[in-house]
Amino acid sequence: MATGGRVLHHLERLLPDPRNTVMVVGFAALGTRARDLVDGAKVLKMFGEYVPVRARIADVPHFSAHADAARIVDWLRGAPAPHTMYLVHGEPDAAEALRDRIDGALGWTAVVPRSGERVLVR
């Protein structure tokens with residue numbers, strides 16, 4: 001939603017340059033900077049300063065990190081089966097439950113890596 005955190009530093013640096021594209025991925029709630037960008041804001045206030053929005057803004061509303069497990073599995077049905085899927089977002093118990101659901105519903109190999117684990121993806 002771009003309401004705080006490191007993303008603000010990235011936006012402050014990227015938004016003024018028309019060569020950049022900023023993608024707003026997922027739902028952008030009314031009253032947030034992300035929604036202002038999607039709605040065509042020409043400036044955003046950050047860190048007490050007004051930052052011009054010259055970058056292209058791409059809205060990708062249907063790729064939300066807030067879907068429940070059933071909607072995630074339904075979304076995945078439209079994708080080709082991967083060799084292995086790595087679930088790297090969310091609390092460990094929730095990620096493990098989603099892993100089990102993906103395995104049961106789709107028959108895919110899904111893995112919840114340990115914190116700090118490295119995986120070579122080819």
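No lab work stands behind these numbers, since they all come straight from the coordinates. Owing to the predicted nature of the structure, the values given are computational and were not obtained by experimental measurement. Cβ placement follows ideal geometry from the backbone for every residue including glycine, while neighbour counts extend to all protein chains displayed.
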> Taking the Cα centre of the chain as origin and charging only Cβ (+1 Lys, Arg; -1 Asp, Glu), how large is the dipole, in debye to the nearest 20?
Replying inline: 500 debye
>> If I take every Cα pair under 8 Å that is 6 or more residues apart in the chain, average their sequence separation and divide by the length, what percent do I get for the relative contact order?
In response: 21 percent
> When all C-alpha to C-alpha distances in the chain are sorted into bins of 10 Å, what percent of pairs does each bin hold, rounded to whole numbers?
Replying inline: 11, 33, 26, 24, 6, 0
> Once every DSSP H run of n ≥ 4 in the chain is given -39500 (n - 2.57) and the sum is divided by its residues, what mean residue ellipticity at 222 nm do you get, rounded to the nearest 500 deg cm²/dmol?
Replying inline: -9000 deg cm²/dmol
> Taking the Cα centre of the range 75-122 as the origin and placing charges on Cβ (Lys, Arg +1; Asp, Glu -1), which of THR84, ALA95, ALA105 is farthest toward the positive end of the dipole?
Replying inline: THR84
> What helices does the chain have that are whole DSSP H segments, at least 15 Å long along their own axis by Cα, and with mean Kyte-Doolittle hydropathy of -1.0 or more?
Replying inline: 92-106
>> Principal axis extents for the range 20-85, Cα atoms only, whole Å, descending order, please.
In response: 46, 24, 19
> Residue separation times 0.36 nm, minus the C-alpha to C-alpha distance between ALA81 and ARG56: what's the value?
Replying inline: 5.7 nm
